[in-house]
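Peer 1: Starting off with a structure, shown below.
The values are calculated or read from the model by the stated rules, or taken from the named source; none is laboratory data. Treat the numbers as computed from the prediction; the structure is a model and nothing was measured. Reconstructed Cβ throughout: ideal geometry from the backbone, glycine too, with neighbour counts over all protein chains shown.
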Amino acid sequence: MVATEIMDTQITNASARGALTAINKNSEHPEKAMELINLINTDEYLRNLLNYGIEGVHWEKVEVDEAEAKEAEGKPYVYDFKVKLIEEKKKDYSVPYWVQGGLFNTYVLDNEPIDKWAEFKEFNDASQEAPSFGFDFDLEPVSTQIAGFRNVLDEFGKSLYTGSVDPDEYVPQLLKKLEATGVQDVIDEMQKQIDEWKASK
């Protein structure tokens, strides 16, 4: 599989909120919770402990290829070693690393480039805010129409997404059903809200 960039990189509401961490308003110890969040985001040892488990038990350090290390010299977020997961221990400790905190102080895996996070930083810095960044659509005025879309997408979604049917035949059917369910009402309501949002900026 080859990934190809098809548009300029934009910061959207979804990308900015990708994995937000919050403290529940009912927390009995919000200050301690905040201390833990701060530690996860600043303490290299703790962040990698959560990410990979215990060094020597779940993972081990491996050397970086000399040529690769030389090429990455001077870049930010580059470490002196990579992480090799211990195969037989993978099932004992596996977590979704992207939901725990910042990624820039995590080590890279042995099959990843040593300057992975430097590249990510460059990518993030080059991103522009989407024109709709900060706009949140209030679904309430068109909640009935939106609820109806689920049935339409259940009917057409899988077959179209997987390429199982001829799009020339099925896309017009999908659009016709969405129109009957009130898609234009939703478009109009969203445009109204966007216009109001823009005017208030």
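Peer 1: Do any helices (runs of 4 or more DSSP H) lying entirely in segment 21-132 carry at least 2 residues that are basic (Lys, Arg), and which ones are they? Talk me through it step by step, then tell me what you get.
Peer 2: Details: elements: 30-42, 44-52, 66-71, 116-125.
In segment 21-132, the matching helices (runs of 4 or more DSSP H) lie at 116-125.
Peer 1: What are the pairs, 6+ residues apart or on separate chains, where a residue within segment 120-136 that is under 16 Å from Met7 (Cβ atoms) has its Cβ under 6 Å from a residue that is of a type outside the set (A, V, I, L, M) and surrounded by 11 or more Cβ atoms within 10 Å (Cβ to Cβ)?
Peer 2: Ser127/Thr9; Gln128/Gln10; Ala130/Gln10; Ala130/Thr12
Peer 1: Related question: What number of residues within segment 1-27 are hydroxyl-bearing (Ser, Thr, Tyr) and within 24 Å of Asp136 (Cβ to Cβ)?
Peer 2: So in segment 1-27, the residues hydroxyl-bearing (Ser, Thr, Tyr) come out as 4, 9, 12, 15, 21, 27.
Keeping just the survivors that are within 24 Å of Asp136 (Cβ to Cβ) gives 9, 12, 15, 21.
Within segment 1-27, residues that are hydroxyl-bearing (Ser, Thr, Tyr) and within 24 Å of Asp136 (Cβ to Cβ) number 4.
Peer 1: Additional query: From Ala33, Ala3, Ala22, which residue is within 20 Å of Val95 (Cβ to Cβ) and loosely packed, with under 11 Cβ neighbours inside 10 Å?
Peer 2: On the way: Ala33 fails: loosely packed, with under 11 Cβ neighbours inside 10 Å; Ala3 fails: within 20 Å of Val95 (Cβ to Cβ).
It is Ala22.
Peer 1: Continuing with this model, one more query. Determine which single condition Val83 fails, assuming it passes every other condition in (1) in contact with a Leu (Cβ under 6 Å, 6 or more places away or on another chain); (2) surrounded by fewer than 16 Cβ atoms within 10 Å (Cβ to Cβ); (3) of a type in the set (Val, Ile, Thr).
Peer 2: It is condition (2) that Val83 fails.
Peer 1: Of all residues in segment 43-75 being aliphatic (A, V, I, L, M) and under 27 Å from the mean Cα position of the chain (by Cα), which is nearest to Val95 (Cα to Cα)?
Peer 2: If we filter segment 43-75 for residues that are aliphatic (A, V, I, L, M), which is where we start, we get 46, 49-50, 54, 57, 62, 64, 67, 69, 72.
Restricting the remaining residues to those that are under 27 Å from the mean Cα position of the chain (by Cα) gives 46, 49-50, 54, 72.
Values: Leu46: 14, Leu49: 11, Leu50: 8, Ile54: 13, Ala72: 28 Å.
Within segment 43-75, the match that is nearest to Val95 (Cα to Cα) is Leu50.
Peer 1: Let me ask something else about it. So which of Glu63, Glu73 ends up being in contact with a strand residue (DSSP E or B) (Cβ under 7 Å, 6 or more places away or on another chain) and loosely packed, with under 14 Cβ neighbours inside 10 Å? Can you show your working first?
Peer 2: Details: Glu73 fails: in contact with a strand residue (DSSP E or B) (Cβ under 7 Å, 6 or more places away or on another chain).
Step by step, each of Glu63, Glu73 is checked, and only Glu63 is in contact with a strand residue (DSSP E or B) (Cβ under 7 Å, 6 or more places away or on another chain) and loosely packed, with under 14 Cβ neighbours inside 10 Å.
Peer 1: Also, I was wondering about something else. So for segment 174-185 (the condition being farther than 29 Å from Ala16 by Cβ, among the small types (Gly, Ala, Ser) and surrounded by fewer than 14 Cβ atoms within 10 Å (Cβ to Cβ)), does at least one residue qualify? I'd like the intermediate steps shown before the answer.
Peer 2: Residues of segment 174-185 that are farther than 29 Å from Ala16 by Cβ, as a first pass: 174-177, 179-182, 184.
Among the residues that remain, those that are also among the small types (Gly, Ala, Ser) are: 180, 182.
Narrowing further to those that are surrounded by fewer than 14 Cβ atoms within 10 Å (Cβ to Cβ): 180.
Yes, the conditions are met somewhere in segment 174-185.
Peer 1: Among the residues of segment 10-20 satisfying the criterion of being among the aliphatic types (A, V, I, L, M) and either free of Cβ contacts under 8 Å to residues at least 60 places away in the same chain or in a helix (DSSP H, G or I) (or both), which is farthest from Gly102 (Cα to Cα)?
Peer 2: Filtering segment 10-20 for residues among the aliphatic types (A, V, I, L, M) gives 11, 14, 16, 19-20.
This time we only want the ones that are either free of Cβ contacts under 8 Å to residues at least 60 places away in the same chain or in a helix (DSSP H, G or I) (or both), so: 14, 16, 20.
Details: Ala14: 17, Ala16: 13, Leu20: 10 Å.
In this case the residue turns out to be Ala14.
Peer 1: Do the conditions hold for Lys158, that is, is it among the charged types (D, E, K, R), outside the structural domain of Asp43 (by TED's automatic domain parsing) and surrounded by fewer than 13 Cβ atoms within 10 Å (Cβ to Cβ)? Full working, then the answer.
Peer 2: Values: among the charged types (D, E, K, R): yes; outside the structural domain of Asp43 (by TED's automatic domain parsing): yes; surrounded by fewer than 13 Cβ atoms within 10 Å (Cβ to Cβ): yes.
Judged against the criteria, Lys158 is a match.
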